[in-house]
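What follows is a short report on a single structure.
The values are calculated or read from the model by the stated rules, or taken from the named source; none is laboratory data. Being a predicted model, the structure only gives us computed values, none of them experimental. Reconstructed Cβ throughout: ideal geometry from the backbone, glycine too, with neighbour counts over all protein chains shown. With ligands, DNA and RNA removed, areas are computed over all heavy atoms of the protein, side chains included. Shrake-Rupley method; radii C 1.70, N 1.55, O 1.52, S 1.80 Å.
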Amino acid sequence: MTNISTKLYKIDNKKIEEKNINSLKNDSIIREAALLLKNGELVAFPTETVYGLGADATNENAVRKIYTAKGRPQDNPLIVHISNIEQLKNVMSGRLSKVAQKLISHFWPGPLTIIVKKSSNIPDQTTAGMDSVAVRMPAHPLSHALIEAANLPIAAPSANRSGAPSPTRAEHVMDDLSGKIPLILDGGPSSVGVESTVVDVRTGLKILRPGGISLEEIQEIIGDIPVYDTESDHIFADDNTKPLSPGMKYKHYSPDTSLSIIDRDIDIKKFIAEQNNNNIGFILTEETIREIDFQLNNVKIFNMGSGNNPHEIASNLYDVLRKIDKVSVNNAFIESISEKGIGKAVMNRIYKASIKE
Ligand code: TXA
Ligand code: MG
């Protein structure tokens, strides 16, 4: 693919914090980005979960460019991003179940993606040939304003090289996609830090990917309705298991450095001593780091946040996974955390990031 020059535009943080969608929509940078999208080009933009790589979801040529830029397998469908309920009606067909209505009225805009039957406005290229479509209304003011300005449903996977950790900062997108896309909007770090929760709401309720909205939060809203949680046993695709969400079968979120998980109850001092000064990276909670009270040679340590604050760990996770590749270590270890709440999504990503091929 030819190398194109990638512009990186920073949007003033004050403007984002004001959350004035009308004023953001008329910002000259957002207008330029919206024009690119209307013309079938790609734009990377921040959402509250991770940065997305957007294209007009109704334009198959535009969508094809996403797969090329990311090196994404063709059988992995995209999430369509919307900014109002009218757009949902245009991209789906059939009726929304009661459960779906409850979920979207509580969690939209926000990190929840629903799988519904697709309408003919969405080409097969966007859904990888599936007759369903994944839809989400992001909460980040910049994504909201961009979708409004383009006045289009926007197909957007995470804006990383396929297989790499998702990007939660504009520089992560630059590292992965510079030379491959025309524009990156920098709206600061993504606050949630892990991707949206993907739920199939066509019949009953199935969680296809744990994410920014936890199982506990979903159960609180829907009451006694059973939830089928397809990822809770960390089932990876092999010859016997075909995941319901095509994206979940791939090795994912992985740094180039080989990563292994260590239990959070480990005796960290003893463990480090056993590594024989072997040039190793550690991604640890701040509590575990505090236990290390001796001088370390040949060990690089990264703080993933407090073990008591899984939201903080979620928002740091992809950044620390990327930092491991910037220091040259032979291999790295990451500490496990409790799978309560958003900790489940964090551990799902950590498991996948540590799969050895
Ligand atoms: O938070 C997020 O969801 C981010 C931001 C950018 O919105 N997007 C994101 O997209 O994570 P991506 O492409 O990296 O992951 C989309 C996931 C994949 O696992 C894919 O297989 C699944 O959603 N998916 C998309 N359409 C689907 C469909 N029709 N049926 C089942 N799974 C689907
Ligand atoms: Mg992704």
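In table form, for the structure just shown:
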{"item": "Residue-averaged 222 nm ellipticity for the chain, from DSSP H runs of 4+ at -39500 (n - 2.57), nearest 500", "result": "-9000 deg cm²/dmol"}
{"item": "Paramagnetic label zone (point 7 Å from Cα along Cα-to-C-beta, Asp224; backbone N under 20 Å) in the stretch 190-208", "result": "204-206"}
{"item": "Sequence ranges 178-186, 341-349, ranked by mean other-Cβ count within 10 angstrom, highest first", "result": "341-349, 178-186"}
{"item": "Within the accessible area of the stretch 119-225 (1.4 Å probe), percent carbon and sulfur", "result": "45 percent"}
{"item": "Cβ-derived FRET efficiency at R0 41 Å, Arg202 paired with Lys7, nearest 0.05", "result": "0.55"}
{"item": "Accessible surface of the stretch 247-315 [probe 1.4 Å, protein heavy atoms]: carbon and sulfur percent", "result": "40 percent"}
{"item": "0 to 90° range, to nearest 10: angle between helix 141-150 axis and the chain longest Cα axis", "result": "30 degrees"}
{"item": "Listed peptides 147-157, 10-20, 43-53, 252-262 by packing density, highest first (mean Cβ within 10 Å)", "result": "43-53, 147-157, 252-262, 10-20"}
{"item": "Separation in nanometres of the label points that stand 7 Å from Cα toward Cβ, at Glu60 and Asn279", "result": "5.0 nm"}
{"item": "Protection-proxy order for peptides 304-311, 216-223, each taking the mean of Cβ atoms within 10 Å per residue, highest first", "result": "304-311, 216-223"}
{"item": "Chymotrypsin sites (Phe, Trp or Tyr not before Pro) within the stretch 281-357, DSSP loop, no more than 11 other Cβ atoms inside 10 Å", "result": "Phe294"}
{"item": "Relative contact order %, the chain, counting alpha carbon pairs below 8 Å whose residues are six or more apart", "result": "19 percent"}
{"item": "Rounded to 5, the percent of DSSP beta bridges in the chain classed as antiparallel", "result": "40 percent"}
{"item": "Using distinct alpha-carbon pairs, which all enter the 1/r mean, Kirkwood radius of the stretch 256-318 in Å", "result": "12.5 Å"}
{"item": "Sites Phe294 and Ile355, calculated FRET efficiency, Cβ-Cβ separation with R0 22 Å, nearest 0.05", "result": "0.10"}
{"item": "Out-of-range pairs (alpha-carbon distance over 32 Å; input Lys14/Lys206; Lys14/Lys251; Lys180/Lys356; Lys7/Lys326; Lys25/Lys352; Lys15/Lys117)", "result": "Lys14/Lys206; Lys14/Lys251; Lys25/Lys352; Lys15/Lys117"}
{"item": "The stretch 1-94 - Rg and Dmax from Cα coordinates, angstrom", "result": "14.7, 43"}
{"item": "P(r) weight above 14 Å for the stretch 27-80, C-alpha pairs, percent", "result": "55 percent"}
{"item": "Shape call, the stretch 104-199: gyration tensor on alpha carbons, a/c limit 1.5", "result": "prolate"}
{"item": "Solvent exposure of the stretch 21-133 as accessible area per residue, Å², 1.4 Å probe", "result": "41 Å²"}
{"item": "Surface/4 of the Cα convex hull for the stretch 62-142, nm²", "result": "5.7 nm²"}
{"item": "For q = 0.10, 0.13 Å⁻¹, Debye-computed log10 I/I(0) when each Cα of the chain counts as one equal scatterer", "result": "-0.60, -1.01"}
{"item": "Rounded to 10°, Cα long-axis angle of helix 60-70 versus longest principal axis of the chain", "result": "10 degrees"}
{"item": "Unit Cα scatterers, Debye sum, the stretch 291-357: log10 I(q)/I(0) for q = 0.13, 0.15, 0.18, 0.28 Å⁻¹", "result": "-0.40, -0.53, -0.74, -1.34"}
{"item": "Amide H partners (placed H, <5 Å) of Lys300, local residues excluded", "result": "Ile280, Gly281, Phe282"}
